[in-house]
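S.K.: Starting off with a structure, shown below.
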Amino acid sequence: MKDYRTEAFEYFDATRYFTVFYKDFQNFSEEKLESYQISNGLYIYLIFVYKKPGLTLNEISKTLEVDKAYTTRAIRKLVDLGYLEKIIDQTDNRAFHVIPTKKCITAMEEMVNLFDEWEDIALKNFSEEEKETLTNSFRKIFTNIREREWFHHIRKFS
């Protein structure tokens with residue numbers, strides 16, 4: 001069978017490849033997370049709360065640079081699934097701290113670290129030097145994007 005996908009992307013630039021890689025990772029992780037009833041979007045919150053328990057919804061939104069309403073919906077879904085618990089702030093009744101439940105801790109211990117597994121797949125034939133060069137290049141891209149004035153203007157979620 002002819003590989004149209006490889007042929008179609010043969011002369012793409014880096015940005016188009018990033019888009020394809022992102023979509024491939026989405027498909028890979030959705031399959032891995034299906035049994036936990038978690039989507040890619042929820043997985044990011046789960047990892048974050050697991051590693052930084054006790055933050056408020058507002059702190060989570062600001063740190064992840066996402067809309068508060070989206071954070072509220074995502075956390076509510078994870079609470080409903082039994083992965084997270086919300087605790088009312090002692091000093092501000094409007095604020096909630098989010099902590100992982102035992103179910104979350106067990107799931108995180110069972111879950112494959114998707115990012116490491118994906119990196120192993122994606123960089124399978126790379127030497128250590130090539131991996132380091134690629135990582136350094138991505139850091140430069142990350143820095144370049146974050147230095148742009150428009151980035152900080154549109155990414156403000158307060």
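No value in this document is a laboratory result; all are computed from the given coordinates. What you are looking at is a predicted structure, and each value in this text was computed from that prediction instead of being measured. Cβ coordinates were reconstructed from backbone atoms using ideal geometry, including for glycine residues, and neighbour counts include every protein chain displayed.
S.K.: Using the structure shown, list the pairs from K51/K103; K77/K103; K32/K68 with a Cα-Cα distance above 19 Å, or answer none.
M.R.: K32/K68
S.K.: Using DSSP to call loops (not H, G, I, E or B), can you name the chymotrypsin sites (Phe, Trp or Tyr not before Pro) in the range 117-147 whose Cβ has at most 13 other Cβ atoms within 10 angstrom?
M.R.: Here the chymotrypsin sites (Phe, Trp or Tyr not before Pro) that fit, given the DSSP loop and packing criteria, are F126.
S.K.: Put +1 on the Cβ of every Lys and Arg and -1 on every Asp and Glu Cβ in the chain; which of L33, F48, I121 then has its Cα farthest towards the positive end of the dipole?
M.R.: The residue sitting farthest along the positive end of the dipole is F48.
S.K.: Once the convex hull of the C-alpha atoms of the range 4-111 is built, how many Å³ does it hold per residue, rounded to a whole number?
M.R.: Enclosed volume per residue, from the Cα hull, is 121 Å³.
S.K.: Please list, or write none, the lysines whose alpha carbon is within less than 17 Å of the alpha carbon of K131, excluding same-chain residues fewer than 8 places away.
M.R.: K140
S.K.: Okay, next question. Around I75, under 12 Å between beta carbons, what's the net of Lys plus Arg minus Asp minus Glu among the other residues?
M.R.: That sum, taken over residues with Cβ under 12 Å, equals +2.
S.K.: Suppose we flag GluC sites (Glu not before Pro) only when DSSP calls them loop and at most 15 other Cβ atoms lie within 10 Å. Which is the longest uninterrupted stretch of the chain?
M.R.: Within the chain, the longest run free of exposed GluC sites (Glu not before Pro) spans 66-158.
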